[in-house]
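In what follows, a structure is listed as C-alpha cells, so that the remarks can point back to it.
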Amino acid sequence: MVRLDEAQGWKKRRPPIVAWIVGAAWLMMSIGMAAAAEGAEAAPASCVTAKCHEKMGKASFVHVPVAAGMCTFCHNQPNPAKHAFKDAQKGADLCYMCHPRKDTKAVVHAPVKAGQCSFCHDPHQSQTSKFRLKIVPPEKLCFTCHQDNMTSQKFVHGPVAAGACTVCHNPHESPYPYRVEKKGNDLCLMCHTDKAEALLAKKYTHPPVKEKCTNCHSPHATPHPFQLKAAVPALCFGCHKDKEQYVAAARTKHEALSLGKSCVNCHDPHVADLPKQLAAAPMDLCFKCHDKELDTPTGKIINMKKWIEENPIWHGPIKQKDCAACHNPHGSDNFRILKKFFPREFYTSFEVEKYALCFNCHEQTLVLDSQTTTLTDFRNGDANLHFKHVNKIEKGRTCRACHELHASKRPKRMREAVPFGAWEIPINYEKTKTGGRCAPGCHVPRAYDRDKAVVNR
C-alpha cells in the first residue's frame, strides 16, 4: 500500500480532481480495512506483485489511481480469492466518475459516442503519451480508423505531417463539423497569425478568403504547393471563368500568366491595398519582369524600367503608374497586348479605327480637323500639322513616327530617332517659343510657328 505521507505529498502536486480521487480512494480503503477487521473477506495488500500485474504502474505515464495503488477505485472485488473483478461502472460512465463528460456537444467522436474511451486510451498506463494513447507512435492512432491517404501527397499541411491531428480537431467533441477547434477561418488563423494581421490591416479581401480558406486550400494535403486544391491558374479559373475564356482566345499571350506564379505574379490571393487584389501599383508589377531586355515572337522589348527611369518626360498613364490603361495584362488580340488597336507600321493609310487606343484619351478631332487654334500646339498658324502628317491615304505617319509612347528626354516626348527598317532616322527636333523645327531624314528642315500663317526655312 501507499504510505499516507507519500500520498499526501503526491496530493499536493496534483490537480484538485486528482486530490479528490485520492481522498475518496483512502475513504474506500479505510472502509475496506474496517470490513476486514469485522471478518469480511479483505482485498489483497497489493495488485502489483512479482506474480501478478508485475509491470503495472511502472510505465512513463500512469493513470492516477494506478499510480496511487487504488485499483479498487475502478475495479470492484466480488470474489478476490478467484481474482474476479468488475468495473465500478459500465463503459464510459466509469471514466465519468472523475472526468467531465465528453459527449455533450453537437459533434461527438464515434468512439466517445459509443462510450468506448478505452478504444483510444489505455486505462492504466502508456510509454509514449501523457494521455495514455494505445498506439505507438501516438500520431498513428487516428489512422487505425481513418484512411492514411494524406501524408503520401507531395505537399502536406504541417500538423498532418507531424501527426498532430488534435491541433485542429478535438478528439472528443466540438460544436463544429469535423470536431474542429474553432469555426471557419478562425481555425486557420490560430496558427497563421500573419494572415490574421493582414486581414485587419489591408483594404481589400479576396471573396473566397472572406468565405472560407478551404475554398482554395486543402487542410490536409494535395499535389500542389501550399496545399492548393488545383494548380494556378486553373484554381483561379474555377471562379474567373470569363478570364479563362478570354485568355484562351487572346491572340497575343502575356507570358506573366505562364511563368513563375502565374496569376499570383500580380495578384495577392488573400488581401491587398489596391483594387483587384493587385500586389502593387500596376507599373511596379510590370517592372518585376520588364527590368531587362526581353525576347518575344514579335521582336525585342527594351528594358522598360531603365528607359522610364532615364527619360523624365512621361506619358500620362506612366505618370499614374497605370500600364493597364493601354495594355491588357491578361492578353489581347493586338500587338504588345494593347487594349485597342494601334498601328505597328511607320506609314499607314488613315482610318479612325486604327487609332482606337489613342482615342481612348485624345479627341479624334486632333487628326480630323485640318484647321484649329485650340486642339494642338503643333500648328502653323491655324494649320493643324497633326492632320497634315497623320490624315493621309498614302504614307500617313503614325503617332510613333515622332513621339515616344512611354517617355522621353524631349518636350512632347519627341523621339531622338525613328526606326525605319534598318535605319534609325534622326529627327533633330528643337522647340521654340511659339513652335519648333526639325530636320529629319524624311524631308528638308522645316519649322512651324503658331503666330504666323506659314513659315518655311
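Note on the stretch 402-435: residues that are surrounded by 14 or more Cβ atoms within 10 Å (Cβ to Cβ), closer than 18 Å to Thr376 by Cβ and within 48 Å of the chain's Cα centre (by Cα) total 10. For Phe226, the conditions (1) within 30 Å of Phe335 (Cβ to Cβ); (2) in contact (Cβ under 8 Å) with a residue 40 or more places away in the chain are fulfilled apart from (1). For the stretch 234-264, give me the residue count where each residue is without any contact (Cβ under 8 Å) to a residue 24 or more places away in the chain and within 20 Å of Cys216 (Cα to Cα). So the count comes out to 10. Within the stretch 275-297, being touching a helix residue (DSSP H, G or I) at 6+ places or on another chain (Cβ under 8 Å), among the hydrophobic types (A, V, I, L, M, F, W, C) and either crowded, with 19+ Cβ neighbours inside 10 Å or assigned to a loop (DSSP other than H, G, I, E, B) (or both) holds for Ala279, Met283, Leu285, Cys286, Phe287, Cys289.
Counting only residues that are in a helix (DSSP H, G or I) and open to solvent by less than 50 Å² (accessible area, probe 1.4 Å), which one in the stretch 390-401 is farthest from Phe420 (Cα to Cα)? Residue satisfying both the conditions and the ranking: Val390. List the pairs whose first member sits in the stretch 375-401 and is at positive phi, whose second member is open to solvent by less than 40 Å² (accessible area, probe 1.4 Å), and whose Cβ atoms are under 8 Å apart, counting only residues at least 6 apart or on separate chains? That search, which allows pairs on different chains as well, returns Gly381/Asp449. Restricting attention to the stretch 117-132 and to residues that are part of a loop (DSSP other than H, G, I, E, B) and open to solvent by less than 90 Å² (accessible area, probe 1.4 Å), the residue that is nearest to Gln89 (Cα to Cα) turns out to be Pro123.
For the stretch 244-252, check the following and say yes or no: at least one residue is of a type in the set (Gly, Ala, Ser) and more than 19 Å from Ile337 (Cα to Cα). Outline the logic, then answer.
Just the residues of the stretch 244-252 that are of a type in the set (Gly, Ala, Ser), to begin with: 248-250.
Subset that is more than 19 Å from Ile337 (Cα to Cα): none.
Within the stretch 244-252, none of the residues are of a type in the set (Gly, Ala, Ser) and more than 19 Å from Ile337 (Cα to Cα).
Condition check ((1) at pLDDT below 90; (2) touching a Pro at 6+ places or on another chain (Cβ under 7 Å); (3) closer than 30 Å to Pro175 by Cβ) across all residues:
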| site | (1), (2), (3) |
| --- | --- |
| Met1 | yes, no, no |
| Gly9 | yes, no, no |
| Pro15 | yes, no, yes |
| Trp20 | yes, no, yes |
| Ala67 | no, no, no |
| Pro78 | yes, no, no |
| Asp87 | yes, no, no |
| Ala106 | no, yes, yes |
| Ala110 | no, no, yes |
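The condition of being of a type outside the set (Gly, Ala, Ser), assigned to a loop (DSSP other than H, G, I, E, B) and open to solvent by less than 60 Å² (accessible area, probe 1.4 Å) holds for only one of Val232, Val247, that being Val232. Scanning the stretch 133-164 for residues that are open to solvent by less than 70 Å² (accessible area, probe 1.4 Å) and under 16 Å from Pro111 (Cα atoms) turns up Leu133, Ile135, Leu141, Cys142, Phe143.
Consider the stretch 126-157 and keep the residues that are among the charged types (D, E, K, R) and free of Cβ contacts under 8 Å to residues at least 40 places away in the same chain. The one that is farthest from Val64 (Cα to Cα) is Asp148.
For every residue, the table says whether it meets (1) acidic (Asp, Glu); (2) over 30 Å from Ser258 (Cβ atoms); (3) without any contact (Cβ under 8 Å) to a residue 40 or more places away in the chain; (4) in contact with a Pro (Cβ under 8 Å, 6 or more places away or on another chain).
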site: Asn303; (1), (2), (3), (4): no, no, yes, no
site: Glu309; (1), (2), (3), (4): yes, no, yes, no
site: His315; (1), (2), (3), (4): no, no, no, no
site: Ile318; (1), (2), (3), (4): no, no, no, no
site: Asp333; (1), (2), (3), (4): yes, no, no, no
site: Leu357; (1), (2), (3), (4): no, no, yes, no
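Taking the stretch 336-382 only, how many residues are out of contact with any Leu (no Cβ under 9 Å at 6 or more places or on another chain), surrounded by fewer than 15 Cβ atoms within 10 Å (Cβ to Cβ) and in a helix (DSSP H, G or I)? So the answer is 2.
Given the condition under 29 Å from Val112 (Cβ atoms) and in contact with a helix residue (DSSP H, G or I) (Cβ under 9 Å, 6 or more places away or on another chain), answer yes or no: does some residue in the stretch 236-247 qualify? Looking for residues that are under 29 Å from Val112 (Cβ atoms) and in contact with a helix residue (DSSP H, G or I) (Cβ under 9 Å, 6 or more places away or on another chain), one finds none in the stretch 236-247, hence no. None of Phe387, Phe420 is among the aromatic types (Phe, Trp, Tyr) and modelled with pLDDT under 95 except Phe420.
The values are calculated or read from the model by the stated rules, or taken from the named source; none is laboratory data. Just so it is clear, the structure is predicted and the values come from calculations on it, not from any experiment. Methodologically, a virtual Cβ is constructed for each residue, glycine included, from the backbone with ideal geometry; neighbour enumeration extends over all protein chains shown. Side chains are part of the model used for accessible areas, which takes the heavy atoms of the whole protein and leaves out ligands, DNA and RNA. Shrake-Rupley method; radii C 1.70, N 1.55, O 1.52, S 1.80 Å.
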